[in-house]
1. Considering (1) among the small types (Gly, Ala, Ser); (2) out of contact with any Leu (no Cβ under 7 Å at 6 or more places or on another chain); (3) closer than 27 Å to A:LEU39 by Cα; (4) within 14 Å of chain A (Cβ to nearest Cβ), say which one B:GLY59 fails and leave the rest.
2. Being more than 22 Å from B:GLN98 (Cα to Cα), charged (D, E, K, R), open to solvent by less than 40 Å² (accessible area, probe 1.4 Å) and in contact with a Lys or Arg (Cβ under 7 Å, 6 or more places away or on another chain) narrows it down to one of A:ARG64, A:ARG69, so name that one.
3. Any idea which of (1) of a type in the set (D, E, K, R); (2) more than 10 Å from every other protein chain (Cβ to nearest Cβ); (3) out of contact with any Gly (no Cβ under 7 Å at 6 or more places or on another chain) is the one A:GLU52 doesn't satisfy?
4. Considering each residue of the stretch A:60-115, count those that are in a strand (DSSP E or B) and either more than 14 Å from chain B (Cβ to nearest Cβ) or not basic (Lys, Arg) (or both), and give that number.
5. Just to be sure before I move on: is A:SER58 without any contact (Cβ under 8 Å) to a residue 60 or more places away in the chain, farther than 27 Å from B:SER3 by Cβ and among the hydroxyl-bearing types (Ser, Thr, Tyr) in the structure I sent?
6. Would you point out which residue out of B:SER26, B:SER3 is within 14 Å of another protein chain (Cβ to nearest Cβ), within 29 Å of A:CYS92 (Cβ to Cβ), open to solvent by 30 Å² or more (accessible area, probe 1.4 Å) and not acidic (Asp, Glu)?
Amino acid sequence: DTGVSQDPRHKITKRGQNVTFRCDPISEHNRLYWYRQTLGQGPEFLTYFQNEAQLEKSRLLSDRFSAERPKGSFSTLEIQRTEQGDSAMYLCASSYSGQAGETQYFGPGTRLLVL
Amino acid sequence: AQSVSQHNHHVILSEAASLELGCNYSYGGTVNLFWYVQYPGQHLQLLLKYFSGDPLVKGIKGFEAEFIKSKFSFNLRKPSVQWSDTAEYFCAVRGKLQFGAGTQVVVTP
């Protein structure tokens with residue numbers, strides 16, 4: 001079990017550019033979550049998938065954000081036309097919904113800096 | 001709407017001191033409660049969780065937390081901290097996790 005992995009770990013981009021992050025969950029986990037964390041705050045929920053279906057999206061997820069999990073395994077989070085306010089740590093977590101007491105396991109995050 | 005409030009943003013204490021971090025939540029349904037820890041340079045790790053049963057929950061590294069339903073609280077405790085407990089601690093509630101703002105704990109030798 002290699003845990004949840006995320007790629008890249010760091011991304012610096014210019015305002016207006018598009019960026020894409022990848023998350024590979026723990027292999028037997030059917031749920032995958034995306035969160036955003038800014039300095040001095042706890043993670044904030046963005047969206048989650050059960051298998052390939054995106055079941056919920058936060059109001060934080062503007063139309064510039066899109067997430068996919070095409071085969072129910074890895075997921076991508078794309079931000080189009082990045083803004084400086086998008087600078088944050090983007091966290092991915094996975095869990096197994098069939099487990100009594102569902103617990104999310106987090107990846108190391110992708111730190112985004114928009115210049 | 002659910003919310004989570006952590007009482008202290010920063011705590012500084014000496015090794016061997018006792019630690020208690022407060023967490024209050026606002027949620028009307030069945031609660032699932034968690035404490036996560038983030039050590040410097042590392043990712044969020046689960047310390048302990050409460051779903052049902054005994055309200056006193058024991059986690060890793062000597063941590064425990066008590067769920068008090070009447071007070072909507074889930075406070076984290078450790079009787080004697082070590083320097084290696086220096087980290088940021090987050091309380092969270094429910095499945096689509098709602099996190100508190102975190103408490104930065106610094107333990108001095």
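1. (2)
2. Working: A:ARG69 fails: in contact with a Lys or Arg (Cβ under 7 Å, 6 or more places away or on another chain).
Only one candidate qualifies: A:ARG64.
3. Answer for A:GLU52: the failing condition is (3).
4. Going through the stretch A:60-115, the residues in a strand (DSSP E or B) turn out to be A:65-68, A:75-79, A:88-95, A:105-106, A:110-114.
In the following step, the residues that additionally are either more than 14 Å from chain B (Cβ to nearest Cβ) or not basic (Lys, Arg) (or both) were identified as A:65-68, A:75-79, A:88-95, A:105-106, A:110, A:112-114.
Residues in the stretch A:60-115 being in a strand (DSSP E or B) and either more than 14 Å from chain B (Cβ to nearest Cβ) or not basic (Lys, Arg) (or both): 23 in total.
5. Working: without any contact (Cβ under 8 Å) to a residue 60 or more places away in the chain: yes; farther than 27 Å from B:SER3 by Cβ: no; among the hydroxyl-bearing types (Ser, Thr, Tyr): yes.
So A:SER58 fails the test.
6. Numbers: B:SER26 fails: within 14 Å of another protein chain (Cβ to nearest Cβ).
So the residue among B:SER26, B:SER3 that is within 14 Å of another protein chain (Cβ to nearest Cβ), within 29 Å of A:CYS92 (Cβ to Cβ), open to solvent by 30 Å² or more (accessible area, probe 1.4 Å) and not acidic (Asp, Glu) is B:SER3.
The values are calculated or read from the model by the stated rules, or taken from the named source; none is laboratory data. From a predicted model like this one, the values you see are computed outputs, not experimental measurements. All Cβ positions, even for glycine, are placed from backbone atoms using ideal geometry, and neighbour counts span all protein chains on display. Accessible surface areas use protein heavy atoms only, side chains included; no ligands, DNA or RNA. Shrake-Rupley method; radii C 1.70, N 1.55, O 1.52, S 1.80 Å.
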